[in-house]
Amino acid sequence: MDYLSSLNEPQYEGVVNTEGPAMIIAGAGSGKTRVLTYRIAYLIKEKGIDPFNILSLTFTNKAAREMRERIESVVGNDARNLWMGTFHSVFARMLRAEADRLGYPSNFTIYDTEDSKSLIRAIVKDFGLDDKVYKPNVVLNRISGAKNRLVSWQEYTTNPLYKADDDTAMKPEMGRLYKTYCQRCFKANAMDFDDLLFNTNVLFRDHVDVLNKYQHRFKYVMVDEFQDTNVSQYTITKKLASVSQNIAVVGDDAQSIYAFRGANIENILNFEKDFPDLKIIKLEQNYRSSQNIVNAANSVIDMNKSQLKKTVWTANDEGSKIELIKSVSDNEEGRFVSSAIFEQKAQKGYASSDFAVLYRTNSQSRAIEEALRKSGIHYKIYGGLSFYQRKEIKDLLAYLRFVINTNDEQSFRRIVNLPKRGVGVASVEKMIVAAFEHDIPLWEVLTNVEHFVSGRAANAVKDFVTLIKSFKISVETKDAHEAASHIAKNSGLIKELYDDKTIEGLNRYENVQELLNAIKEYVDTPEVEEKGIGAFLQEVALLTNQDNENDQNTDFVTLMTIHSAKGLEFKNVFIVGLEEDLFPSQMMLSSRADLEEERRLFYVAITRAKENLYFSYALSRYRYGRLLNCEPSRFIEEVDPSYLKVNTRYGSREPKLGQSFETPAVSSRYARNLVQSRKAQTKKPLQYHKPSPDFKPSDTSELQEGAKVEHPKFGFGKVAKMDTDGANRKAKVIFEDFGEKTLLLTFAKLRIVE
């Protein structure tokens, strides 16, 4: 059993305690994958369990493939007989074997997202509904959410609560669409991704003999990333393990960040209720990060109320403190990141691949990309396209290009029916062919369209030509930002994106706004003499005209959203855009549950770093075409200041002690606290306050200025100011050891000292 010798004590427990239910709480960087793979290897090699009797469920094919390879290195070819894979792949395999029980042939088709959207689009058209109201994305997300909660179309169409929700959302036909969609899929012998889970639940519910067969086949069930399971996934897993009770789930509630995809954190928080004999094993040693990074992450996640308590620690070196960077603008933030990477590579020999830049939304990548390009640093957008290659960005740029050059064939192809105007592909081809055959400019064909195309398409093209002519006047009389904003609005692009309330739709809308922000910055730059659209387009063309040399290069800086970064690690990590309403997102402040998910996302971001970590925020940022003052994120304040240091090398000059930041809208408490904290660190490290023996949070609904209070971490202080604006009541408290802090009273645990 040499392969077990490398395990620490909790890891060893997680591997060898194979009988009965077990929950392995795995802190970030604690070696959970090793435990899971060795547990399976132990079952096969030491306990003689047939691999056919082991079910292991993951969330990605990559994770399943890597685990299988590791197991195979220990037990040999027997690993190939494991039932191991993603939830969807494993249950599709079951459904193919049992398809006749549900009235499907074994060779049923699996629809991908685009197939589903296409079908929904056809149904909406058949019903004569407004496709701007019943967008495929919106309808599919609603159907998907229902299936993941195990709500059938029959229940959906008869439950008055769902009907009321749809009426409120001004989509009263959603139930009929759900019903028809399911019926059309069934008639086509097709299942979508959600059906693979939903129908497995139906199979087990309606056919007890089938459930019994699989319950006895899978004597051992294991689930990775358990905190990411939804209701449907957990229900299947629980049923399969209900006979043997040999279920092991591995996960970390502190890294549950996919509620928007249907993940239900209650699955892991309440797992013990379903399995009372549960053995809980905590993997708390972090092998990835330095002590400062681990301790900072702990100080953040401790703020969450809904969690399974654990104390993550590391035997690694103390490491560097987390560097906090203040920049005047998002462009300066990009320059800081670029400069820091360039310097670290030169001084310490890091490769580009040792760096990652993490942000809350994809639209933030633009300023970072431009700075890296100008520094000649290769980068790659992970889990997404480069900013200027995203469809919505290319769409608006195509409008701008066509207004400038009305003979630009590629731009014409892209925009003539965007948004939809009733100009079909055949009509487009006729007009382009006519331009070639008659050797005349494309614009001449368009302005005389009745000679080449007839009917509805001809009228639509005439309207399009009138629109472009009006845009030309705008371009000739306005600066680049005013003209681009006018075109984005009056073309219909902005409205189409704004009306799409899905996560993807909101991201696309934000990306277009970010492009308009970039144009505004371009216009506002004093060094730029030519403020028109043509000059801006030339700048962008030079910026994005690459020779694909990055395709051959594996050494690049990684740019990604924090959601995409989960499960990855880097020596050096920059978390940028740490500003209120950006991170935490303005959309995640309506409830404690949402705010705690945002805090878990911050925790995930922190724990991606191995050696060096940077927090960055800007005093101003272009959003929605306006230069806005920004306030640093509350999450910065939640990090124990003893793990932070203010960086003055790249960002704006640090204010002197007692001097506030340059922008009045930004509170000076961050400057004072951190400078005071750093000064105090030369004497002794700050330690959290130990609460009084009789500590009990008081009712703060009547809290007044001047009151003396005690905080469980920050100690004793005095209320300097109350902010009672709306439901989010805040108190500014000056603590004896930690200085000034503004606390949200809904969540702060304060004892009023009599």
### Query
Label points 7 Å out from Cα along the Cβ direction at Ser590 and Asn490: separation in nm?
3.5
## Note on the structure
Rounded to a whole %, the carbon-and-sulfur portion of the accessible area of the chain at a 1.4 Å probe is 48
### Message
If DNA, RNA and ligands are ignored and the probe is 1.4 Å, what is the ranking of His207, His438 by accessible area, most exposed first?
### Response
His438, His207
### Summary
dims of segment 362-413, Cα set, principal axes, largest to smallest, nearest Å -> 35, 23, 15
### Query
So how far apart, in nm, are the two label points at Arg96 and Ile280 if each is 7 Å from Cα heading toward Cβ?
4.1
#### Entry: segment 208-367: equivalent-ellipsoid semi-axes (sqrt of 5 x gyration tensor eigenvalues, Cα, Å)
41, 19, 15
### Task
Please give the length that would be gained between Thr447 and Val433 if that part of the chain were fully extended, namely 0.36 nm times their separation in residues minus their C-alpha to C-alpha distance (nm, one decimal).
3.5 nm
### Message
Give me the one-decimal nm value for the distance between modelled label points at Val465 and Val243, 7 Å along each residue's Cα-to-Cβ direction.
### Response
7.4
#### Entry: Environment charge at Asp165 (Cβ cut-off 15 Å; Lys +1, Arg +1, Asp -1, Glu -1)
+2
## Note on the structure
Asserting the computed 222 nm helical MRE of the chain (DSSP H runs at least 4 long, -39500 (n - 2.57) per run, divided by residue count, to nearest 500) equals -14000 deg cm²/dmol
### Summary
Residue-ordered couplings for segment 606-613, obtained by feeding phi - 60° into the Karplus form 6.51 cos²θ - 1.76 cosθ + 1.60 and rounding to whole Hz (Gly and Pro as x), are 4, 7, 7, 8, 9, 10, 10, 9
### Query
If the viscosity is 1.002 mPa s and the temperature 20 °C, what Stokes-Einstein diffusion coefficient in µm²/s follows for segment 19-109 when Rh is the Kirkwood radius over Cα pairs?
147
### Summary
Given backbone amide H placed at 1.01 Å from N, residues whose amide H is under 5 Å from that of Tyr220, ignoring those fewer than 5 places away on the same chain, are Leu55
### Summary
For segment 118-262, dividing by residue count, accessible area per residue (probe 1.4 Å) in Å² works out to 42
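Leaving out ligands and nucleic acids, note down the accessible area per residue over segment 342-496 with a 1.4 angstrom probe, in whole Å².
Roughly 46 Å² per residue, with all protein chains present.
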### Task
Would you give the gap between the C-alpha center of segment 74-141 and the C-alpha center of segment 556-625, rounded to a whole Å?
32
### Task
Would you mind checking which residues have amide H under 5 Å from Leu283's amide H? H placed 1.01 Å from N; only 5 or more apart, or other chain.
Ile25, Ala26, Gly27
### Summary
Of all DSSP beta bridges having both residues in the chain, the percent classed as antiparallel (nearest 5) is 35
#### Entry: More than 11 angstrom apart: percent of Cα pairs within segment 35-74
63
### Message
Using all alpha carbons of segment 157-207, what is the percent of pairwise distances in each 10 Å bin, ordered from the shortest bin to the longest?
### Response
23, 38, 34, 5
### Message
Show me, for segment 239-253, the HN-Hα J-couplings you get by feeding each phi into the Karplus relation (A = 6.51, B = -1.76, C = 1.60, θ = phi - 60°), rounded to Hz, glycine and proline as x.
### Response
5, 4, 8, 5, 8, 6, 6, 8, 10, 10, 10, 10, x, 9, 4
## Note on the structure
Residues whose built amide H sits under 5 Å from the amide H of Val328, excluding neighbours closer than 5 in sequence, are Leu619, Ser652
### Potential lengthening between Asn212 and Tyr624 on full extension [0.36 nm per residue; Cα-Cα distance subtracted]
142.6 nm
#### Entry: Full-stretch length increase - Asp581, Lys420 - with 0.36 nm per residue and alpha-carbon distance subtracted
54.6 nm
### Query
With no solvent and one point on each alpha carbon, what is the Debye value of log10 I(q)/I(0) for segment 469-516 at q = 0.13, 0.15, 0.30, 0.31 Å⁻¹?
-0.32, -0.42, -1.03, -1.07
### Message
In whole Hz and in residue order, list the ³J(HN,Hα) couplings for segment 586-601 that follow from phi through the Karplus curve 6.51 cos²θ - 1.76 cosθ + 1.60, θ = phi - 60°; x for Gly and Pro.
### Response
4, 6, 10, 10, 7, 8, 5, 4, 5, 5, 5, 5, 4, 5, 5, 5
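Using the structure shown, list the pairs from Lys117/Lys520; Lys420/Lys520; Lys179/Lys462 with a Cα-Cα distance above 32 Å, or answer none.
Table pairs above 32 Å Cα-Cα are Lys117/Lys520; Lys179/Lys462.
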### Summary
Under the rule rounded for a/c under 1.5, else prolate if a/b exceeds b/c, else oblate, using alpha carbon gyration tensor axes a ≥ b ≥ c, the chain is classed as oblate
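The values are calculated or read from the model by the stated rules, or taken from the named source; none is laboratory data. Keep in mind the model is a prediction, meaning the values are calculated, not measured. Cβ coordinates were reconstructed from backbone atoms using ideal geometry, including for glycine residues, and neighbour counts include every protein chain displayed. We work out accessible area using only protein heavy atoms, side chains counted, and drop any ligands, DNA or RNA first. Shrake-Rupley method; radii C 1.70, N 1.55, O 1.52, S 1.80 Å.
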